[in-house]
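Worksheet: one structure, shown below.
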């Protein structure tokens, strides 16, 4: 249902077309409006063109075609500083807050970038008044590195308010937030609309868009494919607009049958009192857990609570300061990744290119290099015709959309890269898979696909340890969830899961 | 603002033709430059034609290519692993000196074939040992290999000078004995040896598991390590291979055309030329083999120009123009210049 509003929009983009120098068409003739006092969600799968659109409006990307109107007046925004001066603020997915500056210094820098000349003392006063007026609490003396992601977002919003921005655009703002931080952010945004601000909320999560927004604009393939009133739209209509009619599997969700304790399943990985230090500071503190055959154990928590360090210690990239890691009863604590992989460990890292895949090389190479270290029968001299066959099998395991094994891996979409990684890792029938944010940044359809693969493999006996920031995903596929907070494990939860208890542990 | 934009996929034929066009342009510019030195066009062109047609100049090109190719071909695998060593210069010198010791000082009795094979292996072993030292410093003490290899080159230079002026000194001048005639090799054998090294390296790089690991480690070290390719093993492997190859280059230099050493001949720069050739050939051993011949030919052309009366400064400028034109052509084939 298209909403026709008679009000004058604060911001209007007309016919925006963006073609990147490498030929990628990111936006095609996009029309987009933001009204005073509303939250408009910009919804779409990865690569739909949402971020490009807001970056084009904010002057960060120069559109090839199209016009921007601000408060009824046609404007040409050449760079982000001009957008700031005009009253348009973009909060990116990873907020830009300097680690070594205090909040007040950081805010002062942004204000000066927008042409305001203020003293540090005045910034502190301004922050205090914004805090009172909009209930956006930030501590001016806190250093950037000590701020949580939620706090960094509040700092960004405070900057937008001090600049008297009329339109605040937030790019996937809940990605790194706990459920509690998310609800606090949403409350704050609602208060801002009460003060007449226009909020653009970019997300790829349907539920989030329906909960947060007044209006939902859906994008697909760089075009706007639907505009809906959030109060009356159905999930199905949104899915159809996101993926196109007939391309949606509405059954989507995947459930794992819960495993029973004491059913004789072997322990695949056993972690005991693990401590990992970074520059002498403990990042993982005495973590103990195990994963059994066919079990999916989820590690929930807000990013930056020691998950990455735990992941790296488990796969052998970091040496723990204390503790034991055993794979199938064999102590692998002092062994590197290669020895662990040989003992049946498969790894799905968070970053696709550069960590899971080698950029600039073919799909075939990317299959071969990961299989070469295990006993894959490739021999000292690689039999490339055999690699070809394996690559085809790996591609066939999932729906990797690729013309063949010789295609450069960089040319695959994020979703296809992830399908390739998961398929490659499952191809060698590992005992245990350690995955970090396996569906992070993926669109709905690919996320479902990846989860299905995980659940299917667990049904065949593979154990999974999934470290994820997406609590919804863990609730959906895990047999057990353990929560990581400030480097320690805060309790384990079995099915049926109690969302509130888990969310509370994450915020502890 | 000027910037370069990638053209996307470029066929191998286009790259070859583009490079040849660049070389042609380079030679044209070089001829123009040398004309400025007041030498006649006939003399300059005569030197150029002579370089590529006379048997003696071709023999010099093939002989000179030995140490350059030995260094360059080995470095291609090291550079693919992003192990940026420049120890090839020292490895060529060390390889040469050890061959000189074996054949002229050790007193071992052996036939020409045994002497030739032993020379290659001994020089290769010495080169590999130097490579091992650079790798050890990197892996165990995290020393940057560019700095350590550069420093090692200077140490080798000092030691070589000491050996030449000390234990190896013959008569009143700081000059060593010569490699006995029976051990000297024909210029035709030199490209044969470097060709075999090229073939071995090519197989190792593009057909072996080690090649997979090296390629993966060079482009994405974290990915290589995560999926079981031990970084230390990769670094040591490429350091030993490149060191062996450069060491053999030193042996070819000694057996092919150098024969004896003096302080003047200690730092010939062939190892550093190998570094240039490895980059010029985009770390492809086959291209490095061909590029070594190209660089040798430019060196021989330079000598002929000097002989025809062109001052050294002009000669060096002409050589630089040829190499730069070739590099520019390769860049322009892959990228287009855009104005922002």
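Which order results if B:3, B:121, B:267 are arranged by neighbouring Cβ count within 10 Å, fewest first? The partial results should precede the final answer.
Values: B:3 11, B:121 14, B:267 19.
Starting with the residue having the fewest Cβ neighbours, the order is B:3, B:121, B:267.
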Segment B:70-292, relative contact order in percent, only Cα pairs under 8 angstrom and at least six apart counted: 46
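I'm a student and want to see the number: the projected area of the Cα convex hull of segment B:231-340, averaged over all directions, in nm². Each step should come with its number before you reach the end.
Numbers: hull surface 43.3 nm².
Seen from a random direction, the Cα hull of segment B:231-340 projects 10.8 nm² on average.
With an 8 Å cut-off on Cα pairs and a minimum separation of 6 or more residues, tell me the relative contact order of segment A:271-368 in percent.
Working: 108 pairs, mean separation 22.9, N = 98.
Reported as a whole number, the value is 23 percent.
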Taking chain A as the reference, fit the longest principal axis to its C-alpha atoms, fit the long axis of helix A:120-134 to the helix C-alpha atoms, and give the angle between the two in degrees, 0 to 90, nearest 10. 90
Rounded to the nearest 500 deg cm²/dmol, what is the calculated helix-only ellipticity per residue at 222 nm for chain A, with -39500 (n - 2.57) per DSSP H run of length n ≥ 4? -10000 deg cm²/dmol
Listing B:44, A:281 from the residue with the fewest other Cβ atoms within 10 Å to the one with the most, what is the order? A:281, B:44
Expected max-MSF residue from B:245, B:11, B:71 in the GNM of chain B (alpha carbon, under 10 Å) is B:11
Could you work out how far the C-alpha centroid of segment B:284-315 sits from that of segment B:68-85, in angstrom? 21
Residue B:14 versus residue A:183, label points 7 Å from Cα toward the beta carbon: distance in nm? 5.8
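Averaged across the residues of B:210-222, what count of C-beta atoms belonging to other chains lies within 10 Å of each residue's C-beta?
Going residue by residue through B:210-222 and averaging, the value is 6.
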Hey, could you grab the Kirkwood Rh for segment B:1-148? Inverse mean 1/r over distinct alpha carbon pairs, Å, one decimal. 19.8
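I'm checking a number: the convex hull volume of the Cα atoms of segment A:316-432, normalised per residue, in Å³. What is it? Let's see the in-between values first.
Values: hull volume 12.6 nm³, N = 117.
Per-residue hull volume (Cα only) is 108 Å³.
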For the residue pair residue B:24 and residue A:129, what label-to-label distance in nm results when each label sits 7 Å from Cα along the Cα-to-beta-carbon direction? 7.3
Comparing B:178, B:281, B:28, which has the greatest mean-square fluctuation in the GNM of chain B with Cα pairs linked when under 10 Å apart? B:28
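Based on the mean of other Cβ atoms within 10 Å per residue, sort peptides A:129-135, A:57-63 so the most packed one is first. Please list the in-between numbers first.
Numbers: A:129-135: 14.3, A:57-63: 20.1.
Per-residue Cβ counts within 10 Å, averaged per peptide and sorted highest first, yield A:57-63, A:129-135.
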Can you give me the angle between helix A:384-397 and the longest principal axis of chain A, using Cα atoms only, in degrees from 0 to 90, rounded to the nearest 10? 60
Once you have a ≥ b ≥ c as the square roots of the Cα gyration tensor eigenvalues for segment B:70-292, tell me rounded if a/c is under 1.5, and otherwise prolate or oblate according to whether a/b is larger than b/c. prolate
Can you say what percent of the DSSP beta bridges in the protein assembly as shown, counting only those with both residues inside, are antiparallel? Round to 5. 60
When a footprinting reagent is the concern and you count Cβ atoms within 10 Å, what order do A:444, B:272, B:52, B:217 take, fewest first? B:52, B:272, A:444, B:217
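What Kirkwood radius, in Å to one decimal, follows from the Cα pairs of the protein assembly as shown?
Numbers: mean 1/r = 0.0321 Å⁻¹.
After inverting the pairwise mean of 1/r, the radius is 31.2 Å.
Give, to the nearest whole percent, the P(r) tail of chain A beyond 28 angstrom, counting all Cα pairs. Before the final figure, lay out the partial values.
Values: 75083 of 128778 pairs.
Percent of Cα pairs beyond 28 Å in chain A: 58.
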C-alpha long axis of helix A:149-162 to longest principal axis of chain A, angle in °: 10
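Taking 8 Å as the Cα distance limit and 6 or more residues as the minimum spacing, I'd like the relative contact order of chain A as a percentage. Provide the component values of the computation, followed by the final result.
Working: 1029 pairs, mean separation 78.4, N = 508.
Answer for chain A is 15 percent.
All of the numbers you see were taken from the coordinates with simple rules; none came from a lab. Just so we're clear, the structure is a prediction, and the values are computed from it rather than from any experiment. Note that each Cβ is placed from the backbone with ideal geometry, even for glycine, and that neighbours are counted across all protein chains shown.
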